[in-house]
Amino acid sequence: MQIIRTVSELRRWSREQRASGKIIGLVPTMGALHAGHASLIRAAHKECNAVAVSIFVNPTQFGPNEDFSRYPRTFDADCALAEKEGAEVIFAPGVEEIYPAGAATFVEVEGLSDRLDGASRPGHFRGVATVVAKLLIAADPDRAYFGQKDAAQVAVLRRMVADLRLGTEIVVCPIVRDTDGLALSSRNVYLSTAERQQALVLSRSIRTVESLYAQGERNSAKLLAAVKEVFSTEPEIRIDYIEIVDWATLLPVETAMPGTLFAVAAVVGSTRLIDNTVLR
Ligand code: PAF
């Protein structure tokens, strides 16, 4: 497996792969890889024959009081996992490679960037859209792989790729959960044992909505009321948002239907967690 540090080398690698007829897959990550990321790399390896994994803790998607400096960095273990799952290249640039001195160009996906996570993390999706645009322009992949866990991010990136006609297919892979139901996240390492127990309320709320929906409940207000009741069992947890929205626009819907997104974000101790389900 090759480790690439510069955009020009990544571009050269991509052009060589394309010239030899290969299908290029990119898995953008911030490292601290876990089984959720492994599933993305595996999917890419199955559908593409040249797979790059980017590892870049992107400063512009963190707010001033967020966890940029303490975000877990596990580069050697990440490389081992990526190689095991079939990655050919790790793209691990420094900050100045992605944001050259004086960089003044950002990507703003209007209307979507300030919904859900964007509402409580101002500037977050501007940072995500900017870095992913840079990665897609440099690697020019046929397909890029993202987890459904970041459902609002997926909506922002789908819109961006369509608007900029980047020509990359966005592939969304299912949420990977631990045996107790907690959705895998690089931030789960911040949770104490007690907080981890409390955090299970997020996946309980997902199961509640799925089961009420399966029983025929379509009224968003009623579904949200049931979720609030589930959260009332864990009063120490601060709900950031609980929303039932159209997955493309991230706008609330009164009536849930197939494809509707139920998404939740909550702060457990000092850790902000998200989870969601797409109703079927
Ligand atoms: O989902 C993530 O890990 C990040 O937001 C991404 C897409 C790699 C951009 O930094």
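Thr249 to Thr105: extension gain in nm, 0.36 nm per residue of separation minus the Cα-Cα distance?
Numbers: separation 144, 0.36 × 144 = 51.84 nm, distance 2.44 nm.
Difference between extended and current length: 49.4 nm.
Roughly how big is the chain's charge dipole about its Cα centre, with Cβ charges of +1 (Lys, Arg) and -1 (Asp, Glu), in debye to the nearest 20? Walk me through the numbers before you get to the answer.
Details: 31 positive and 34 negative charges, 75 e Å.
Dipole about the Cα centre, nearest 20: 360 debye.
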Legend entry - Estimated 222 nm signal from helices in the chain, with DSSP H stretches of n ≥ 4 weighted -39500 (n - 2.57), rounded to 500: -12000 deg cm²/dmol
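R0 = 30 Å: FRET efficiency of Val95 with Gln197, Cβ-based, nearest 0.05?
On the way: r = 37 Å, r/R0 = 1.22.
It comes out at approximately 0.25.
P(r) tail for region 4-101, what percent of Cα pairs lie past 18 Å? Please report the intermediate quantities before stating the final value.
Details: 2313 of 4753 pairs.
So the pairs more than 18 Å apart make up 49 percent of the total in region 4-101.
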Legend entry - Overall dimensions of the chain by Cα: Rg and Dmax, Å: 18.9, 57
Inset, instruction - Among Leu40, Leu261, Leu200, determine the one that fluctuates most according to a GNM of the chain built with springs between C-alpha atoms less than 10 Å apart. - result: Leu200
Inset, instruction - Enumerate the aspartates and glutamates that Lys134 could reach by cross-link, defined here as Cα to Cα under 16 Å, with residues fewer than 8 away along the same chain left out. - result: Glu9, Glu96, Glu97, Glu108, Asp142, Asp163, Glu169
Legend entry - Lys/Arg +1, Asp/Glu -1 at C-beta; region 71-162 dipole; positive extreme among Ala139, Leu81, Thr105: Thr105
Inset, instruction - For the chain, set up a Gaussian network in which alpha carbons nearer than 10 Å are linked by springs, and say which option among Glu85, Glu217, Glu229 fluctuates the most. - result: Glu229
Legend entry - Most positive-pole-ward Cα, Ala155, Phe62, Ile274, against dipole of the chain from beta carbon charges: Ala155
Inset, instruction - Using a 10 angstrom cutoff on alpha carbons, build the Gaussian network for the chain and name the most mobile of Ala77, Ala32, Ala19. - result: Ala19
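Using 0.36 nm times the number of residues separating Arg207 and Thr179, minus their current alpha carbon distance, what extension gain do you get?
On the way: separation 28, 0.36 × 28 = 10.08 nm, distance 1.43 nm.
Result for the pair: 8.7 nm of gain on full extension.
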Inset, instruction - Mind putting a number on the dipole of region 81-135 about its Cα centre? Charges go on the C-beta only, +1 for Lys and Arg and -1 for Asp and Glu, and I need it in Debye to the nearest 20. - result: 160
Inset, instruction - Compute the distance in nm between two label points, each set 7 Å from the Cα along the Cα-to-Cβ direction, one at Ala19 and one at Ala221. - result: 6.3
Inset, instruction - Give, rounded to the nearest 20 debye, the magnitude of the charge dipole that region 1-144 has about its Cα centre when Lys and Arg contribute +1 at Cβ and Asp and Glu contribute -1 at Cβ. - result: 240
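For region 1-86, which trypsin sites (Lys or Arg not before Pro) are both in a DSSP coil and crowded by at most 15 other Cβ atoms within 10 Å? Walk me through the intermediate numbers first.
Working: sites: Arg5, Arg11, Arg12, Arg15, Arg18, Lys22, Arg42, Lys46, Arg70, Arg73, Lys84; in loops: Arg5, Lys22, Arg70, Arg73.
For trypsin sites (Lys or Arg not before Pro) across region 1-86 that sit outside H, G, I, E and B with at most 15 neighbouring Cβ atoms in 10 Å, the list reads Arg5, Arg70, Arg73.
Rule-based calculations on the coordinates, nothing more; no lab input. Bear in mind the structure is a predicted one, so any value in this text is a computation, not a measurement. Every residue, glycine among them, receives a Cβ derived from its backbone with ideal geometry; neighbour counts consider all protein chains shown.
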